[in-house]
Amino acid sequence: MNTSVYDVIVLGLGGMGSSAAYHLAARNQRVLGLERYGSPHDRGSSHGHSRVIRQSYFEHPAYVPLLLRAYELWERLEHETGRDLMTLCGGLMIGGAQSNVVAGSLASAREHDLPHEILGAAEIRKHYPSLSPQDEEIAFYEKRAGWVHPEETVRAHLDRAGAMGAELHFHEPVTKWEAKANGDGVIVTTGQAEYYASRLVIAPGAWAPETLAALGLPLQVERQILFWFEPTRNPAAFDPARFPIYIWECEDGVQFYGFPTQTGVPGVKTAFYRTAQVGLGQTCSPETIDRTVHPHEVEVMRSYLAPRLPALNGQFLDARTCFYTTTPDEHFVIARHPEHQQVAIACGFSGHGYKFASVVGEILADLSCEGSTSHPIELFAPQRLQG
Ligand SMILES: Cc1cc2nc3c(=O)[nH]c(=O)nc-3n(C[C@H](O)[C@H](O)[C@H](O)COP(=O)(O)OP(=O)(O)OC[C@H]3O[C@@H](n4cnc5c(N)ncnc54)[C@H](O)[C@@H]3O)c2cc1C
């Protein structure tokens with residue numbers, strides 16, 4: 001007997017789960033979304049007003065087709081909601097000619113024929129007087145780079161999902177999920193109830209090590225910090241009309257990045273991307289994370305900003321912690337659950353997933369409704385990480 005009330009339950013309504021709920025609802029699925037906190041919230045990985053989006057992907061050219069689709073879907077969401085969700089102010093990848101950010105972006109751009117420019121140090125200084133590269137540093141410039149707004153896009157996906165009939169429960173953590181044998185439905189338990197559905201989508205962010213414990217994936221949850229500083233002079237120089245997003249790879253391999261000013265957000269945001277060398281980015285769990293940002297951490301950020309963006313070495317305004325859930329190769333995990341065909345999983349976004357959330361939701365809906373997807377997700381197979 002089939003007692004399913006829902007077609008699909010979505011566990012976790014953060015960046016990826018909110019998008020999955022939207023795409024599933026758009027396919028006339030009866031969707032139940034279950035979220036531990038409110039929406040949006042700042043306890044996971046999808047908060048802090050901005051996430052870099054760019055196309056010439058230095059991490060791997062295989063991401064480019066997904067990015068092109070992600071842009072289309074973000075634009076569609078903007079159109080459907082009439083909200084401003086993505087700002088394309090241009091982007092600079094700055095470093096030596098052999099740095100990952102410059103050489104990798106160039107490789108992706110060439111492979112996928114993406115428009116770009118290379119700027120020398122003098123040109124960088126001329127066009128962007130707030131940036132002080134060393135003479136041997138160059139920049140890869142991409143006009144279609146910018147940022148998406150995490151809280152607003154989570155809200156937009158959930159509002160649209162709700163309008164299309166999805167039932168969304170907040171402050172209702174899942175305590176247990178169980179997949180029946182032979183793909184025959186799932187039982188999902190919370191403090192309030194037990195729910196039945198034909199299928200399950202699991203997008204738990206930093207809770208993946210506990211939610212997907214049986215898979216034994218080698219995921220590392222890391223504490224990361226977002227900083228906001230007051231410019232010391234000429235804040236207009238950081239306006240998105242004349243200042244880009246940037247990722248700067250320093251001689252020591254450290255990558256830090258930042259944004260222009262954002263309406264309604266005081267100061268200018270900056271953060272480290274890959275932090276192994278600077279001693280930030282400690283391993284933690286959602287239970288053990290230290291959410292206080294300490295003065296010495298602000299000083300580490302300053303030490304990278306001061307020589308390169310001297311005008312940002314102003315008053316420290318604010319900071320927030322956030323989780324990266326990182327795989328050993330820093331590629332995502334998106335797949336059908338290797339042991340349960342009725343379960344689709346998305347985790348391990350390794351600090352660079354947000355820009356893809358729009359297309360990840362589409363992929364999860366494909367995997368859940370069709371059992372497969374035409375998007376290229378071979379790189380994200382969980383089996384590559386297992387034993
Ligand atoms: C500081 C920082 C900067 C970043 N910058 C960028 C960037 O510039 N560009 C970019 O593309 N990416 C960036 N990322 C990465 C990106 O933000 C993440 O990859 C993305 O937000 C992950 O989304 P998620 O849905 O997996 O996780 P989340 O958004 O955290 O969602 C997981 C959700 O599941 C819920 N949940 C977990 N367990 C349960 C349960 N048992 N029951 C119910 N609900 C549950 C959680 O409460 C949470 O809401 C950054 C990340 C950080 C931390």
Q. So which strands (runs of 3 or more DSSP E) stay within segment 137-254 end to end and still have 1 or more residues that are under 16 Å from residue 20 (Cβ atoms) and of a type in the set (S, T, N, Q)?
A. 194-202
Q: Go through segment 209-227 residue by residue and tally those that are under 17 Å from residue 275 (Cα atoms), within 10 Å of the ligand (Cβ to nearest atom) and not hydrophobic (A, V, I, L, M, F, W, C).
A: 3
Q) Restricting attention to segment 319-330, does a residue exist that is among the aliphatic types (A, V, I, L, M), touching a residue at least 60 places away in the same chain (Cβ under 8 Å) and in contact with a Gly (Cβ under 9 Å, 6 or more places away or on another chain)? A) no
Q | Residues (surrounded by 18 or more Cβ atoms within 10 Å (Cβ to Cβ), within 13 Å of the ligand (Cβ to nearest atom) and either free of Cβ contacts under 8 Å to residues at least 24 places away in the same chain or among the hydroxyl-bearing types (Ser, Thr, Tyr) (or both)) located in segment 23-71 | A | 39, 45, 46, 50, 57, 63, 71
Q) Of all residues in segment 314-335 being surrounded by fewer than 18 Cβ atoms within 10 Å (Cβ to Cβ) and either near the ligand (Cβ under 8 Å from one of its atoms) or of a type outside the set (A, V, I, L, M, F, W, C) (or both), which is farthest from residue 292 (Cα to Cα)? A) 329
Q.
Between 44, 17, 33, which is closer than 20 Å to residue 195 by Cβ, touching a helix residue (DSSP H, G or I) at 6+ places or on another chain (Cβ under 7 Å) and modelled with pLDDT of 95 or more?
A. 33
**Q.** Pairs, first closer than 21 Å to residue 152 by Cβ in segment 260-280, second part of a helix (DSSP H, G or I) and hydrophobic (A, V, I, L, M, F, W, C), C-beta under 8 Å, six or more apart
**A.** 260/238; 261/238; 268/238; 268/312; 270/301; 270/305; 270/312; 271/301
Q: Within segment 33-77, track down each residue that is closer than 25 Å to residue 168 by Cβ, of a type outside the set (Lys, Arg) and in contact with a His (Cβ under 8 Å, 6 or more places away or on another chain).
A: 33, 34, 35, 37, 38, 40, 41, 47, 49, 50, 77
Q: Please name all residue pairs, on different chains or six or more residues apart, with Cβ atoms under 7 Å, provided the first residue is in segment 178-189 and is modelled with pLDDT under 95 and the second residue is surrounded by 13 or more Cβ atoms within 10 Å (Cβ to Cβ).
A: 183/341; 183/342
Q) With respect to residue 339, is the statement that it is loosely packed, with under 15 Cβ neighbours inside 10 Å, more than 14 Å from the ligand (Cβ to nearest atom) and at pLDDT 95 or above true? A) yes
Q. Would you call residue 91 closer than 26 Å to residue 46 by Cβ and touching a Pro at 6+ places or on another chain (Cβ under 8 Å)?
A. yes
Q: Could you tell me whether residue 10 is part of a strand (DSSP E or B), within 10 Å of the ligand (Cβ to nearest atom), closer than 14 Å to residue 150 by Cβ and at pLDDT 95 or above?
A: no
Q: Please verify whether segment 177-196 includes one or more residues that are acidic (Asp, Glu), under 28 Å from the mean Cα position of the chain (by Cα) and within 9 Å of the ligand (Cβ to nearest atom).
A: no
Q) Taking segment 13-63, which residues are polar (S, T, N, Q) and in a helix (DSSP H, G or I)? A) 18, 19
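The values are calculated or read from the model by the stated rules, or taken from the named source; none is laboratory data. Every value quoted in this text rests on a predicted model; they were computed, and no experiment measured them. Reconstructed Cβ throughout: ideal geometry from the backbone, glycine too, with neighbour counts over all protein chains shown.
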